[in-house]
1. All other residues with a Cβ under 13 Å from the Cβ of R289 taken together, and with Lys, Arg as +1 and Asp, Glu as -1, what is their net charge?
2. Let me check I've understood the local charge: for G399, count other residues with C-beta under 12 angstrom from its C-beta, Lys and Arg +1, Asp and Glu -1. What total comes out?
3. Please report the base-10 log of the normalised intensity I(q)/I(0) for segment 247-420, using a Debye sum with one equal scatterer per alpha carbon and no solvent, at each q in 0.14, 0.19, 0.20 (1/Å).
4. When N is the residue count of segment 31-170, what does its C-alpha Rg come to as a fraction of 2.2 N^0.38 Å?
5. Test of understanding: what is the full-extension gain from R187 to D20, defined as 0.36 nm times their sequence separation minus their Cα-Cα distance?
6. Would you work out the charge dipole size for segment 4-223 about its Cα centre, treating the Cβ of every Lys and Arg as +1 and the Cβ of every Asp and Glu as -1, and quote it to the nearest 20 debye?
7. If you line up the long axis of helix 33-42 against the longest principal axis of the chain, both from Cα atoms, how many degrees apart are they, to the nearest 10?
8. Once label points are set 7 Å from the Cα along Cα→Cβ at both K375 and Q75, what is their separation, rounded to one decimal in nm?
Amino acid sequence: MKRLAVVILAAGKGTRMKSDLPKVMHEIAGKPMLRHVIDTCARLSADHVVVVAGPRMPTVEAAAAPHAVAHQMEQRGTGHAVGCARPAFGDKPFDEVLIVYGDTPLITAETLGRMVEERRQSDAAVVVLGMRVAPPNAYGRLVLDAAGNLDAIVEAAEASPDILELELCNSGVMVIDGSVLFDMVARIRNDNSKGEFYLTDIVGLARGDGRLARVVEAPARELVGVNSRADLAAAEAILQQRLRAAAMAGGATLVDPASVFLAADTVLGRDVVIGPNVVFGAGVTVGDRVQIKAFSHIEGARIGAGAIIGPFARLRPGSVLAEDVHIGNFVELKNAEIGRGAKANHLTYLGDVTVGAGSNIGAGTITVNYDGFGKYRTEIGERAFIGSNSSLVAPVRIGDGAMTAAGSVVTSDVAADAIAIGRARQVNKPGRAAEFRAAQRAKHKK
Ligand code: UD1
Ligand code: MG
């Protein structure tokens with residue numbers, strides 16, 4: 001078995017993001033860019049992953065876990081950054097080391113796999129991932145020899161005008177022969193216009209050693225690097241297109257794909273139908289035949305088969321819906337377990353609640369779960385009927401088959417099959433409306 005290691009460069013602060021967050025922690029499709037890259041590498045079954053982080057980047061370290069983190073204290077170039085990963089390697093040898101950037105989140109496992117394959121087939125010292133980008137641009141240029149092998153990578157800052165005319169550019173991703181990587185990295189010098197240690201110099205070093213360097217190409221769309229908020233939005237748009245296509249290929253109907261926003265981890269069952277303007281945050285699983293109607297916002301929720309959600313529903317984290325639940329317009333759920341076939345169709349807040357199977361939650365019901373200090377739970381049994389505009393002041397229990405009268409403020413537990421009436425008794429005063437109007441007319445002389 002060949003052993004593969006991955007080094008993810010993530011030490012850049014990302015000055016152009018103008019952010020307190022390290023660049024690689026910015027999210028696309030609800031997941032930090034760094035995690036996208038880590039998850040993609042996981043699909044290659046890498047034996048070892050090292051994330052190179054800058055100083056004081058605790059969020060990057062947390063996102064890298066359980067993988068090794070190496071630190072680059074000062075940004076002295078991509079070659080220097082790779083050198084900083086060495087202590088995190090131990091002494092186990094690797095056949096190949098894959099070098100990727102944490103700010104290039106759309107790269108696919110398929111492309112990386114092709115690179116590793118090319119390295120094994122050709123026994124090249126270095127395989128570089130190239131892309132075609134029309135000049136002018138700031139990428140390093142890939143210079144090929146007559147046989148189509150890679151001769152050199154020339155950084156744009158160092159390139160002559162004719163080299164700058166080349167379309168074949170360096171994406172930055174490389175696969176390097178693990179037996180020579182750190183030896184070559186140690187030989188990189190910084191005698192260039194930026195005074196940096198360019199990883200790209202490794203190609204010239206390999207050629208000087210009589211070794212081969214090769215290029216594998218991938219579409220530039222897959223290799224967009226994120227340096228600014230505008231780049232982040234562009235990467236998001238490309239990823240959303242991919243996720244929508246995958247959702248439809250998996251058997252979901254997206255009535256208006258362009259207005260549905262999915263998270264990288266959204267799981268949709270078969271024959272799910274999603275209306276326009278639906279947004280999925282992280283951590284959503286949707287069962288078969290679920291309908292999600294327009295303008296719903298869903299995150300951290302598990303939706304059982306056959307449920308109907310929305311329009312205009314909001315499911316927040318901790319929402320667990322059994323089969324055939326109906327959640328209608330302007331209903332908000334948080335930390336809510338809803339039993340099979342239960343319904344809350346209109347204008348309701350259900351937070352920190354358990355609702356038993358077959359219960360009906362009337363319009364305007366509010367679980368009063370917060371007193372400014374603590375959060376409290378409401379427990380509603382099976383087949384209960386909560387009258388419209390009930391306030392359920394938690395902690396409180398409503399038994400199986402119990403009812404609450406419309407407009408009730410329920411502050412104490414209701415036994416199974418009981419009715420709670422928690423409101424002032426109605427008083428009717430015959431003729432009083434007419435008397436009132438007559439008195440007012442006299443007063444205002446109308
Ligand atoms: C690099 C390549 C260039 C390529 C381009 C593709 C070099 C010398 N040049 O240029 O050929 O076309 O990427 O986008 O490699 N990083 C560190 N520590 C450092 C420097 C960089 O961790 O000291 C990380 C950055 O966070 C980033 C990546 O390495 O993720 C690339 O660095 P960047 O400065 O963007 O390199 P470019 O100048 O764009
Ligand atoms: Mg860059």
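1. On the way: positive: R270; negative: D271, D288, E323, D324.
Spelling it out: positives minus negatives among the neighbours equals -3.
2. Values: positive: R383, R397; negative: E379, E382, D400, D413, D417.
Taking every other residue near G399 into account, the sum is -3.
3. -0.67, -1.09, -1.18
4. Details: Rg = 16.4 Å, N = 140, 2.2 N^0.38 = 14.4 Å.
The value comes to 1.14.
5. On the way: separation 167, 0.36 × 167 = 60.12 nm, distance 3.49 nm.
Taking R187 through D20 to full extension adds about 56.6 nm, to one decimal.
6. Here segment 4-223 has a charge dipole of around 600 debye.
7. It works out to around 70 degrees.
8. 3.8
The values are calculated or read from the model by the stated rules, or taken from the named source; none is laboratory data. As the structure is a prediction and not an experimental result, all values here were calculated from the model. Note that each Cβ is placed from the backbone with ideal geometry, even for glycine, and that neighbours are counted across all protein chains shown. Heads up: the accessible areas ignore ligands, DNA and RNA and are worked out on the full protein's heavy atoms, side chains in. Shrake-Rupley method; radii C 1.70, N 1.55, O 1.52, S 1.80 Å.
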